[in-house]
Amino acid sequence: LDQRFERGISLFGGGWGLYREVLAGKVEGQFIGDETFEGKKAFGVAVKAQFGAIKLYFDSETHLLTAARYQSAGQQGPVENEQRWTDYRAVEGRQFAFTNSTTRDGAKFSESTVQDVVINPKLDDALFAKPAPPAPK
């Protein structure tokens, strides 16, 4: 898989995929100190994951993922990224970040807001049915 895609999956919703990797023993981190984001103290952790090195910052009170810093490939070389998560809400007993924003080299790159989250929804089996063969001509 592409590193950007793997990173996106791992960090979705406030790091749900990354937490899964940590619990499975596939990713380890090292404390790197404190930072302040929007006036709130955050604990920093350096992680080396399958998609590359990343620095994660967790709110010191809630322990939820607040921000991540990492490099990605740009047209003129490496680009510094900062991704932030806010508006955490409980979804089936888990905290999910409904708002996400990313800056690249200090400029706003993207922002997204999730409207609704449903975990493991029931899917119609017809979605996975093998299509009928084409009619003979």
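The values are calculated or read from the model by the stated rules, or taken from the named source; none is laboratory data. It should be emphasised that the depicted structure is a prediction, and the values quoted were computed from it without experimental measurement. Quick reminder, even Gly has a Cβ in these numbers, built from the backbone with ideal geometry, and neighbours come from all protein chains shown.
Looking at (1) modelled with pLDDT under 90; (2) closer than 20 Å to Thr62 by Cα; (3) of a type in the set (S, T, N, Q), which is the one condition that is false for Asn100?
For Asn100, the exception is condition (1).
Can you pull out every residue in the stretch 24-53 that is within 21 Å of Phe5 (Cβ to Cβ) and out of contact with any strand residue (DSSP E or B) (no Cβ under 6 Å at 6 or more places or on another chain)?
The answer is Ala24, Lys26, Lys48, Ala49, Gln50, Phe51, Gly52, Ala53.
Quickly run through the stretch 8-53 and pick out the residues that are exposed (fewer than 12 other Cβ atoms within 10 Å of the Cβ) and not in a strand (DSSP E or B).
Scanning the stretch 8-53 gives Leu23, Ala24, Gly25, Lys26, Glu38, Gly39.
Quick one: which residue in Arg104, Arg94 is basic (Lys, Arg), farther than 19 Å from Gly52 by Cβ and in contact (Cβ under 8 Å) with a residue 24 or more places away in the chain?
Arg94
Please work out which residue is modelled with the lowest pLDDT, limiting yourself to the stretch 74-94 and to residues that are small (Gly, Ala, Ser) and more than 18 Å from the chain's Cα centre (by Cα).
Step by step, filter the stretch 74-94, then rank; the result is Gly74.
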